[in-house]
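The values are calculated or read from the model by the stated rules, or taken from the named source; none is laboratory data. All values derive from a computational prediction rather than experimental measurement. Please note: Cβ atoms are built from the backbone with ideal geometry, for glycine as well, and neighbour counts cover all protein chains shown. Areas reflect the complete protein model, heavy atoms only, side chains present, ligands, DNA and RNA absent. Shrake-Rupley method; radii C 1.70, N 1.55, O 1.52, S 1.80 Å.
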Amino acid sequence: KDLRRISNEHTRILDEHTTILNKHTKILEEHTRILQRYDERLRNIESYIEKTSITLEEEAREVIAYRLKEKGIVIMSIGNLMLPDIEIDIYATDTNICLIGEAKTRVSANLIEEVDKDIEKLCKKYPNYLKDKVIKVVYGMQVLPNAVEEAKRRGIWLVTANKEYTELVIR
C-alpha cells in the first residue's frame with residue numbers, strides 16, 4: 001500500500017511538473033517568436049540608418065575638402081590610409097601637398113597629442129607616403145577648450161562642420 005501511495009504521489013508530481021514544463025515551453029516559444037520579430041525590425045532599422053547616414057569620416061572628408069577649396073587648395077580625393085601599424089582616417093596627396101589627420105567624435109588635448117604622435121610616426125616610418133608640404137588636421141564633432149590650445153601648439157588644423165578652431169598650417 002505504501003509503495004502504491006508513494007508511486008501515485010510521484011506520478012501526480014511528475015504530471016504536475018510536466019504540465020508546468022509544457023506551459024513554460026509554450027511561453028518560451030512565444031518569447032522566441034517575439035524576439036525574432038524584434039530582431040528583424042532592428043536589422044531593418046540598422047539597414048535604414050546605414051543607407052541614409054554618412055559616417056563621421058565621410059563627413060570630415062567632405063567638410064575638409066570644402067574648407068580647403070575655399071582657401072584655394074583643391075585635393076581631388078580624400079580617403080584613409082591603412083598600414084600594418086598605423087591607421088589614418090583622413091589622408092590625401094596632391095602634387096606637392098599631403099593631408100594627414102583624424103576624425104573623432106570628441107576632441108581633447110590628449111587626443112590631439114595622440115594624433116600628432118601617429119602623424120609623426122607615419123612621417124618617420126613611411127616617408128614615401130608624404131609630399132613636400134604636409135597639412136595636419138583633426139576633425140571633430142565636439143571640441144573641448146584644452147584641445148584648441150594643444151592643436152595651435154602642434155600646428156594642427158582643428159575643424160568642425162561649423163568652425164575652424166585653429167589656422168591652417170602648411171609645413
Only residues in segment 124-146 that are in contact (Cβ under 8 Å) with a residue 40 or more places away in the chain count as the first member; pair them with residues that are loosely packed, with under 14 Cβ neighbours inside 10 Å, Cβ under 6 angstrom, at least 6 apart or cross-chain, and list the lot.
-> Met141/Thr105
Please verify whether segment 126-134 includes one or more residues that are over 20 Å from the mean Cα position of the chain (by Cα) and part of a strand (DSSP E or B).
-> yes
Given the structure, is Tyr91 among the aromatic types (Phe, Trp, Tyr) and either touching a helix residue (DSSP H, G or I) at 6+ places or on another chain (Cβ under 7 Å) or open to solvent by 80 Å² or more (accessible area, probe 1.4 Å) (or both)?
-> no
Of all the residues that make up segment 144-171, how many are modelled with pLDDT under 95 and touching an Asp or Glu at 6+ places or on another chain (Cβ under 8 Å)?
-> 1
Residues that are out of contact with any Lys or Arg (no Cβ under 9 Å at 6 or more places or on another chain) and surrounded by 14 or more Cβ atoms within 10 Å (Cβ to Cβ), drawn from segment 42-59 | Glu57, Glu59
Does Glu167 satisfy being free of Cβ contacts under 8 Å to residues at least 60 places away in the same chain, assigned to a loop (DSSP other than H, G, I, E, B) and either closer than 17 Å to Ala60 by Cβ or open to solvent by 50 Å² or more (accessible area, probe 1.4 Å) (or both)?
-> yes
